[in-house]
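The values are calculated or read from the model by the stated rules, or taken from the named source; none is laboratory data. All values derive from a computational prediction rather than experimental measurement. Positions of Cβ are backbone-derived with ideal geometry, glycine not excepted, and every protein chain shown enters the neighbour counts. Just so you know, the surface numbers come from the protein's heavy atoms only, side chains and all, with ligands and any DNA or RNA stripped out. Shrake-Rupley method; radii C 1.70, N 1.55, O 1.52, S 1.80 Å.
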Amino acid sequence: MSEQQQNQNQNQNKKKDKPVKASAEPEIMEKIVSLCKQRGFVFQSSEIYGGLKSCYDYGPLGAELKRNVKAEWWRTMVHGREDVVGLDASIIMHPDVWRASGHLAGFSDPMVDCKDCKNRGRADKWPQTAVGTEVEYKVIVDHQSGKKETRKAAVGPLGIVCPVCGSPNMSDIRKFNLMFRTSLGSIDPIETISARLDGKALSGEALKTAIADAIGETAVYLRPETAQAMFTNFLNVQTSMRMKPPFGIAQQGKSFRNEITVEHFTFRSCEFEQMEMEYFVPPPEYTSPGERTDMQWYEYWCNERLNWYSSLGIRKEKLRLRPHETDELAHYAKACSDVEYDYPWGWGELEGIAHRGDYDLKQHEKHSGKKLTFFDSQKNAHYHPYVIEPAAGADRTALAFLLDAYVEEPPPPGTNEGRTVLRFHPRLAPIKVAVFPLVKKDGMPEAARKIVEQFYKHQINAAYDEKDTVGRRYRRQDECGTPYCITVDGQTAQDGSVTIRERDSMKQDRIQIADAVEVVRKRLA
Ligand code: GAP
């Protein structure tokens with residue numbers, strides 16, 4: 001499911017994201033957050049000014065991790081396939097894009113939230129019931145099993161009940177701003193507003209309308225999803241690249257949402273990166289015999305996306321595909337499933353795979369007046385392709401990889417020193433190899449520096465470390481998730497060999513310096 005639909009006025013609830021293991025969360029999350037700061041993965045934004053709620057900066061290792069996540073996604077979704085091409089669209093788009101997509105509605109509509117199932121909708125469209133009427137409704141009491149309980153309550157002063165669960169427990173009515181609004185143009189809208197209202201004695205609704213009109217003239221929005229640019233560019237991409245359905249357009253980039261609830265570190269924040277793909281397929285009447293149908297493509301992408309996470313090391317038992325119940329689906333969606341991860345606070349969305357029918361292309365066609373169809377020359381007909389959309393978040397994916405990689409190992413028998421390891425898949429690891437001299441003498445630092453230079457020369461991210469005992473250096477790299485450590489020792493000067501230690505097994509082999517780059521490169525492949 002689209003998480004923004006939860007924030008808009010679609011008929012679904014937020015049960016999937018509700019914490020169910022609150023007791024386990026603080027401890028593990030505190031450790032992860034602290035490790036992230038200590039090892040340079042993630043810092044609080046503007047920390048020296050006291051920080052900014054839910055804004056984060058990726059430090060040197062976090063930036064590498066996120067880049068690796070995005071690179072792996074691009075490799076799989078674009079470079080590894082003939083039928084998917086990439087796009088890098090602007091963050092600010094024509095405001096009509098958001099009118100067509102429905103995102104702008106919340107700026108002017110009176111919105112209300114159901115306090116029980118978290119459904120959000122337009123107060124003026126929800127079922128009206130006489131104030132004080134006692135109604136019965138169902139509330140989910142166990143989010144893991146989906147168990148519901150029947151309750152009774154009286155309808156409040158707004159006189160409305162939730163169309164999804166029937167609850168009369170409502171938030172206040174408010175204008176909900178999912179999107180960040182800014183203005184395009186060199187004149188500050190405050191100047192326009194003050195000039196226009198100067199000397200006018202307006203109040204209440206008239207004043208609001210005058211201000212909204214003045215702001216609206218130059219208003220633009222930071223995109224709340226990357227998806228819309230792939231719909232607006234459907235024809236540009238299709239014709240310039242001579243694509244024929246089934247084909248996909250993929251994009252990665254920043255999205256911004258004024259989230260009401262920001263939570264769980266980088267899991268949900270107001271500024272985040274998405275990795276989305278819109279896969280255009282022929283609708284059933286244009287599918288040739290023997291080709292995958294739209295529903296088969298939907299199932300295909302559900303499985304592809306689920307498997308992608310396990311192929312990069314996430315434990316299978318921590319992943320699941322959760323098909324949406326009918327009442328969770330957006331009105332236009334034919335089907336939707338979430339790839340979920342078992343976070344410390346319970347199962348939650350990693351990625352949503354939605355079958356969006358032909359809704360988006362038709363919406364943009366209606367609002368722009370431009371035809372957005374594909375011409376099938378064999379059938380001599382124009383049609384609107386259906387869209388299957390796998391939509392993931394780079395920050396959330398990086399967090400899931402981080403959480404899944406985090407292991408605290410007890411001390412081995414006979415010792416009293418355990419270790420914390422980030423067991424990243426080598427392709428995701430921020431630093432691929434660390435090079436140490438065993439001691440800071442006998443030419444070992446010089447030899448180690450020569451080796452690390454070789455890695456830099458081959459653009460393999462490497463680190464040199466000579467501080468503290470070699471044991472402590474290994475521990476440090478384990479905490480960074482570095483898969484290989486190479487150590488120059490007493491034998492190196494005699495036979496040109498070094499040790500290479502593997503992070504997870506801690507097994508050490510001897511290899512020749514001359515082979516070091518090739519050995520690491522092969523293990524990273
Ligand atoms: N175009 C569909 C769409 O945007 P979504 O479920 O709203 O769907 C897709 O977003 C993915 O983007 C989510 O599965 C999640 O990984 C990520 N995402 C959404 N909102 C987020 C937020 N506030 N913070 C971090 N990641 C978010």
Legend entry - Hydrodynamic radius by Kirkwood, which averages 1/r over all alpha carbon pairs of the stretch 287-339, in angstrom: 12.7
Legend entry - Rounded to the nearest 10 Å², the accessible area of Glu217 at probe 1.4 Å: 120
Inset, instruction - Treating cross-link reach as a plain straight distance, find the lysines whose alpha-carbon is under 19 Å from the alpha-carbon of Lys70, omitting any fewer than eight places away in the same chain. - result: Lys254, Lys432
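Which value, in debye to the nearest 20, describes the size of the charge dipole of the chain about its Cα centre when Lys and Arg Cβ atoms bear +1, Asp and Glu Cβ atoms bear -1, and nothing else is charged?
Numbers: 73 positive and 74 negative charges, 77 e Å.
Magnitude of the dipole: close to 360 debye.
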Inset, instruction - Could you pull the accessible area for Ser240 with a 1.4 Å probe, rounded to 10 Å²? - result: 80
Inset, instruction - May I ask you to work out the translational diffusion coefficient for the chain at 4 °C, viscosity 1.567 mPa s, via Stokes-Einstein with Rh from the Kirkwood sum over Cα pairs, reported in whole µm²/s? - result: 49
Legend entry - C-alpha center-to-center spacing [the stretch 108-178, the stretch 349-404] in angstrom: 30
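Of the heavy-atom accessible surface of the chain (probe 1.4 angstrom), what whole percent is carbon and sulfur?
Heavy-atom surface of the chain belonging to carbon and sulfur, 1.4 Å probe: 51 percent.
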Inset, instruction - Return one whole number: the accessible area per residue of the chain in Å², for a 1.4 Å probe. - result: 47
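Given the Cα atoms of the stretch 140-230, and with Rh set as the inverse mean 1/r over their pairs in the Kirkwood sense, what is Rg to Rh to two decimals?
Using Cα coordinates only, the ratio equals 1.18.
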Inset, instruction - For the stretch 27-121, state which GluC sites (Glu not before Pro) are in a DSSP loop and have at most 10 other beta carbons lying within 10 Å of their beta carbon. - result: Glu82
Legend entry - Compactness relative to 2.2 N^0.38 Å, alpha carbon Rg of the stretch 35-172: 1.60
Inset, instruction - Translational diffusion coefficient, Stokes-Einstein: compute it for the stretch 206-330 using the Kirkwood radius over C-alpha pairs as Rh, at 4 °C and 1.567 mPa s, and state it as an integer in µm² s⁻¹. - result: 70
Legend entry - Computed P(r) (all Cα pairs; the stretch 379-525; 5 Å bins; percent): 2, 9, 17, 18, 16, 11, 8, 4, 3, 3, 2, 2, 2, 1, 1, 0
Legend entry - Cysteines (scope the chain) whose Cβ has no counterpart Cys Cβ under 4.7 Å: Cys36, Cys55, Cys270, Cys302, Cys336, Cys480, Cys485
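Among DSSP bridges having both ends in the chain, what percentage is antiparallel? Round to the nearest 5.
Working: 74 of 86 bridges.
Approximately 85 percent, going by the DSSP bridge assignments.
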Inset, instruction - Return the long-range amide H neighbours of Tyr464 (sequence gap of 5 or more, or a different chain), with a cut-off of under 5 Å between placed amide H atoms. - result: Val435
Inset, instruction - Mind jotting down the three principal axis lengths of the stretch 301-407 based on Cα atoms? Whole angstrom, largest first. - result: 58, 30, 22
